[in-house]
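Single-structure report; data block below.
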Amino acid sequence: MAVLLAALSAGVFGVSDFLGGMSAKRIAATLTSMVAELSGLAGLLVVAVLVGGSPVGRDWAWGGAAGLAGGVALVLFYWAMSRGQMSVVAPVTAVLSALVPLVTGLLLGERPAALALGGALLAVVAIVLVSREPGDPVGPEEAAPALEPRVQRLVLGAAVVSGLGFGLYFVSISRVGEDSGMWPIVAARLSAAVVVGLMMLRVRPGRGERTGLQLALVAGLLDVTANALFLLASREGLLTLVGVIGAMYPASTLVLARTVLKERLAGHQVVGLGLAVVAVVGIAVA
């Protein structure tokens, strides 16, 4: 059940990212983030009340920490994607968001079966292949316009910190108690909204057009759904495994880009999707 929940979480995360990306093409990325945070929070409050739960201070603290890490990661991820090469930013971010819970779980004493651990490592390889852009430069004649060395370092640093932030979100939200219901995710959304709000005060994105706002709203609702699924998965299984599966969200984004936007898949991306399926099956049967 944990593997299924984590896989569903990754799938929904990917759909949310796709819609959020479509929104950010129409309105400012910070505005997309804030609308998504607030719409997700509104929907989540209803669910949290219906589900109930008895969170303690520790649960609120872990939830708040998760939101801070996730909020900072989101802002840095959008900035890095807007300034640097997607073919560099996306794989670095996705792989680190998978490795952080994997390594943390091992350090905490989790010892998954050999087949499951092999599946987790295979999933990391799949994430690299799926996230890598089809148009990666392979020679000087195809090289993208060079960025200033300082900007290159900032973009890479932002991608690294973003990946670590997303990974820390997975780790933090997995540490809450089983009786806390969905309230830790409420705390996470609140703290993330504060981070994005502070960023908006600095950037001042202005008003957005209607379609972009609608896409952001749906993206936020899907994002909290994915978060809830991951929380349930982390309560059922090992962080070592569910964290990696949850980080496979680029796969569903890629499939949507192919079916909705008619984007072509490169050979390495098709291989990555195949490896992702193998990895999930390997973890599930272990």
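Here is how the numbers come out for the structure above:
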quantity	calculated
Matching entry among 19, 44 (being of a type in the set (A, V, I, L, M, F, W, C), within 15 Å of residue 230 (Cβ to Cβ) and in contact (Cβ under 8 Å) with a residue 12 or more places away in the chain)	44
Unmet criterion (only one of (1) at pLDDT 80 or above; (2) surrounded by fewer than 22 Cβ atoms within 10 Å (Cβ to Cβ); (3) acidic (Asp, Glu)) for residue 17	(1)
Tabulated pairs, the range 86-106, first over 16 Å from residue 173 (Cα atoms), second hydroxyl-bearing (Ser, Thr, Tyr) and modelled with pLDDT of 85 or more, C-beta under 9 angstrom, 6+ apart or interchain	89/162; 92/162; 93/162; 96/162
Qualifying residue in the range 53-72 (condition: part of a helix (DSSP H, G or I), within 30 Å of residue 282 (Cβ to Cβ) and not small (Gly, Ala, Ser))	yes
The range 246-277 - residue that is in contact with a helix residue (DSSP H, G or I) (Cβ under 8 Å, 6 or more places away or on another chain), aliphatic (A, V, I, L, M) and closer than 19 Å to residue 92 by Cβ and, of those, modelled with the lowest pLDDT	254
Residue within the range 200-221 that is buried (at least 16 other Cβ atoms within 10 Å of the Cβ), of a type outside the set (A, V, I, L, M), modelled with pLDDT under 90 and closer than 28 Å to residue 119 by Cα present	no
Candidates 187, 226, filtered to the one that is in contact with a Ser or Thr (Cβ under 9 Å, 6 or more places away or on another chain), modelled with pLDDT of 85 or more and crowded, with 17+ Cβ neighbours inside 10 Å	226
Selected residue (only one of 172, 162 is polar (S, T, N, Q), more than 18 Å from residue 39 (Cα to Cα) and out of contact with any Leu (no Cβ under 8 Å at 6 or more places or on another chain))	172
Selection status of residue 164, within 19 Å of residue 74 (Cα to Cα), surrounded by 15 or more Cβ atoms within 10 Å (Cβ to Cβ) and over 19 Å from the mean Cα position of the chain (by Cα)	no
Yes/no for residue 111 being among the basic types (Lys, Arg) and either surrounded by fewer than 16 Cβ atoms within 10 Å (Cβ to Cβ) or at pLDDT 85 or above (or both)	yes
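The values are calculated or read from the model by the stated rules, or taken from the named source; none is laboratory data. Quick caveat, the model's predicted, so the values are computed rather than measured. Note that we place each Cβ from the backbone using ideal geometry, even for glycine, and neighbour counts take in every protein chain shown.
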